[in-house]
Amino acid sequence: MTKRKTDEVTGVETTGHNWDGIEELNNPLPRWWLWTLYLTIIWAIGYTIAYPAWPMISGATKGVLGWSTRANVAAEIAAHEGSNAALVAQLVSADMPTLPQDPDLNRYAIARGGAVFRSNCSQCHGSGAAGAKGYPNLLDDDWLWGGDIAQIMYTVRHGIRNTIDADALYSAMPAFGDILEPAEIDAVVEHVVSLSNPEFDAALAEAGAVVFADNCSVCHGEAALGDRTMGAPNLADAIWLYGGDRETLRYTVEFSRFGVMPPWGPRLKEADIRAVSAYVHSLGGGE
Amino acid sequence: MTSQPDQPLYAARTPIFPRRVNGFFRRFKWWIMAVTLGIYYLTPWLRWDRGASLPDQAVLIDLANRRFYFLWIEIWPHEFYFVAGLLIMAGLGLFLFTSALGRVWCGYTCPQTVWTDLFLLVERWIEGDRNARLRLHKANWSLHKWRLRVTKWIVWLLIAVATGGAWVFYFTDAPTLLRDLFTLDANPAAYITIAILTATTFIFGGFLREQVCIYMCPWPRIQAAMMDPDTITVAYRDWRGEPRGKGNVKNRKAAEAERAAIEAQAAGAGAAFYPGTPYPGQKTPPAPPLDLATSDEKGDCIDCMACVNVCPMGIDIRNGQQMECITCALCIDACDDVMARIGKPRGLIDYLALSDEADERSGAAPKPLWRHVMRPRTILYTAMWLLVGVGLLYALFIRSEIELTVSPVRNPTFVVLSDGDVRNIYDVRLRNKSGDDKVFQMNLSSEEILRISLEGQDTLNVTVPADTTVLQRVYVTARAGDTAATGDTTDLRLWVEDLSAQVRASKATTFNGRDAQ
């Protein structure tokens, strides 16, 4: 048995709920509100028939409209590709070195290339393209194989030192640990350090210069400025792919390095290769 | 245990048939309706010449291009704070008016009130005044009733379509859209919007009416917190009207004589503010027996129900302040009309401050209007409103035609170049808000030696087309060994100058050296 209470002023029954002496009146709801509730229930039933809703043992009911988020995404991507078809066609047939002269196409290529880069390249080169030890920084002005748009496109398409693409850029540095004496290695390391670091042992570096001329200059050049035709890095500049300290350099000379990049030709569309190349070219080091 | 019957769980709406009324406030409301509806329907059709590349609609919310045009003002998405500021001003303005004058928003300018008023006008025009509509409501569904009802619904529907139709014109070029709507070339979103707004206007204005205010709108419940005894609101002078009774009508001569005496007395006192101030010296006796012979002891209210019959909310203002009351003031007009007929001063129902009750009961003059309105609360609301308003105006007038935003690229924090130089990268957005293409020259200033260069440009000039933003990658480089390159961070300022107009803009940012973390 509940005890009914009535509000004195209005004569309306209260719910008995009391907040700081204020009681809630139990006024009837408007009837249209009830209709609205029924309407929402009917709507909900129709909705669960039309759209995926009821959980089954595996999956859920599909709904008579056949609506699905996956299909929507596919349709949106197709619509997007469709709306950009003209730009894509232009990009695929564009003369890449003169691309910046067409601001709209250039902007599209760089925006598209940024997306391609973030999903395919950032795993090694970093989301900001700053690289990491062994993975080149693409923001600076130093290139192993060349930084003009044609060379970047070639590198993206065929990759480096991979076994998948016969046209991949290839070179291999010998592991000098089997060729040189430890003292010779110490000397050549000191010589390489002396090229970019003012603090070095002059006598040792002088001895190293001879070792360098005999063993390294074939690829790296007599002045150690590198050779892009075989991906030999410039050893006289401030940029080091693996590190410019003596210990790292000794490791590099002794065991060599063999950085690999996969070919993206088989994996990316032509427009994507061109776009990502344009993007990399626009990051600050493009030649 | 209880003798009370169960409360019904649901109640049907009680139909309301407001009677036609004439008077000062009714006329005022017709004007307000004409002005507000006029603004709503006509604004999209105003033209404003902005040059060839920009739309010529005076008020246009261009969602597709993310621009808002208001006469000579053009708002870009990053300036949305203007809209936010206007909304804050609207809110503060509502607080101000509510605390000073009660629910004037509800009573005069709320779209629900205005359109319901318009729908009632149509209803009265087709089906007749209150009594005719009451009869029609109770009548069986004859051909006559069908004819009137269907005519009314058709007119309502036309108004509703025009209402929904006017809304979409704010979002695209109105003349083009009007043509496209008729040739069925318009965007589906336009038709859907019109359909939804037509439905809501038709249902809210035609059928739900006061239910919207009572059950759907939160504002009536919030406003009580903003009103106090000094708020001017529509109220019944029960100290003057009670005890009410049909017998309160005196013979006209006696009434007029009494009125003349009162007016003479009031003129002598000189302080009566309300045109119909209460009887000086009259006190409400504690429920005296109704005696026609001693009519002096009765109040002015003759219980004619005029105030109830004209009320669009279906309430009795004589019961005091109610949440349902939207203060439309039509009961004032209705009661004034009756008071004039029976030879009593107007204002038995009137705009008044409840704090004046004690003064009026004792026969003293009520406080003047300005003393009710000028209160710390209203002054504070006005000050806040002005503060926001002046701030927005200031922001509006210092806006430059050219702008830049600088996002330093912090991934990585800096780049070392082959010669040991240290480079920082900045994504700079250059904004040209004018109608002409411009050439912007970039530059930088700093206490350290820094060089600036632009991606893809041989010079420091960037061409920014009219009404667009261009993203330019900017490189700032410090020579190897310089303080900026080897140190922590260096302050710098990036400048952009419109060479043709001698306008400059700048943004401060920082340069990271090798020591920066």
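Annotations
Every residue, every condition in (1) over 20 Å from A:Leu99 (Cα atoms); (2) in contact (Cβ under 8 Å) with a residue 40 or more places away in the chain; (3) not basic (Lys, Arg), yes or no:
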| site | (1), (2), (3) |
| --- | --- |
| B:Glu455 | no, no, yes |
| B:Ala466 | yes, yes, yes |
| B:Val470 | no, yes, yes |
| B:Ala484 | yes, yes, yes |
| B:Gly487 | yes, no, yes |
| B:Thr490 | yes, yes, yes |
| B:Arg493 | yes, yes, no |
| B:Asp498 | yes, yes, yes |
| B:Ala501 | yes, yes, yes |
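- Within region B:452-486, being of a type outside the set (Ser, Thr, Tyr), assigned to a strand (DSSP E or B) and within 53 Å of the chain's Cα centre (by Cα) holds for B:Ile452, B:Leu454, B:Asn461, B:Val462, B:Val464, B:Val470, B:Leu471, B:Gln472, B:Arg473, B:Val474, B:Val476.
- Region B:157-179 - residue that is in contact with a Ser or Thr (Cβ under 8 Å, 6 or more places away or on another chain) and among the aromatic types (Phe, Trp, Tyr) and, of those, nearest to B:Ile194 (Cα to Cα): B:Trp167
- Qualifying residue in region A:42-61 (condition: more than 14 Å from chain B (Cβ to nearest Cβ) and under 30 Å from A:Val276 (Cβ atoms)): no
- Looking only at region A:145-201, residues that are within 24 Å of B:Leu417 (Cα to Cα) and among the charged types (D, E, K, R) come to 3 in all.
- Selected residue (criterion: farthest from the chain's Cα centre (by Cα)) from residues of region A:91-135 that are on the phi > 0 side of the Ramachandran plot and within 14 Å of chain B (Cβ to nearest Cβ): A:Gly131
- Output for region B:88-100, where each listed residue is touching a Ser or Thr at 6+ places or on another chain (Cβ under 7 Å) and hydrophobic (A, V, I, L, M, F, W, C): B:Leu96, B:Ala100
- Residue in region A:253-261 that is crowded, with 16+ Cβ neighbours inside 10 Å, at negative phi and under 25 Å from the mean Cα position of the chain (by Cα) present: yes
- Residue check, B:Ile194 among the β-branched types (Val, Ile, Thr), assigned to a helix (DSSP H, G or I), touching a residue at least 24 places away in the same chain (Cβ under 8 Å) and farther than 21 Å from B:Cys331 by Cα: yes
- Residue count for region A:195-204, restricted to those that are in a helix (DSSP H, G or I) and in contact (Cβ under 8 Å) with a residue 12 or more places away in the chain: 3.
- Helices (runs of 4 or more DSSP H) contained entirely in region A:91-189, each with at least 2 residues that are surrounded by 13 or more Cβ atoms within 10 Å (Cβ to Cβ) and assigned by TED's automatic domain parsing to the domain that holds A:Leu241: none
- Pair list, Cβ under 7 Å, 6 or more apart: region A:258-287 residue touching a residue at least 12 places away in the same chain (Cβ under 8 Å), other residue among the acidic types (Asp, Glu) and surrounded by fewer than 22 Cβ atoms within 10 Å (Cβ to Cβ): A:Pro263/A:Asp165; A:Gly265/A:Asp165; A:Ser282/B:Glu455; A:Gly284/B:Glu455; A:Gly285/A:Asp141; A:Glu287/A:Asp148
- Per-region count, region A:112-130, residues within 14 Å of A:Leu283 (Cβ to Cβ) and touching a residue at least 12 places away in the same chain (Cβ under 8 Å): 7
- Test: residue in region A:266-274 that is part of a helix (DSSP H, G or I) and within 23 Å of B:Gly420 (Cβ to Cβ): no
- Residue check for B:Tyr108: free of Cβ contacts under 8 Å to residues at least 40 places away in the same chain, in contact with a Lys or Arg (Cβ under 8 Å, 6 or more places away or on another chain) and not in a loop (DSSP other than H, G, I, E, B): no
Each row is one residue, and each column tells you yes or no for (1) among the hydrophobic types (A, V, I, L, M, F, W, C); (2) within 14 Å of chain B (Cβ to nearest Cβ).
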position: A:Val193; (1), (2): yes, no
position: A:Asp237; (1), (2): no, yes
position: A:Tyr242; (1), (2): no, no
position: A:Val276; (1), (2): yes, no
position: A:Ser282; (1), (2): no, yes
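The values are calculated or read from the model by the stated rules, or taken from the named source; none is laboratory data. Everything numeric in this text was worked out from a predicted model, so none of it was measured. Using ideal geometry, Cβ is built from the backbone for each residue, glycine included, and neighbour counts are taken over all protein chains shown.
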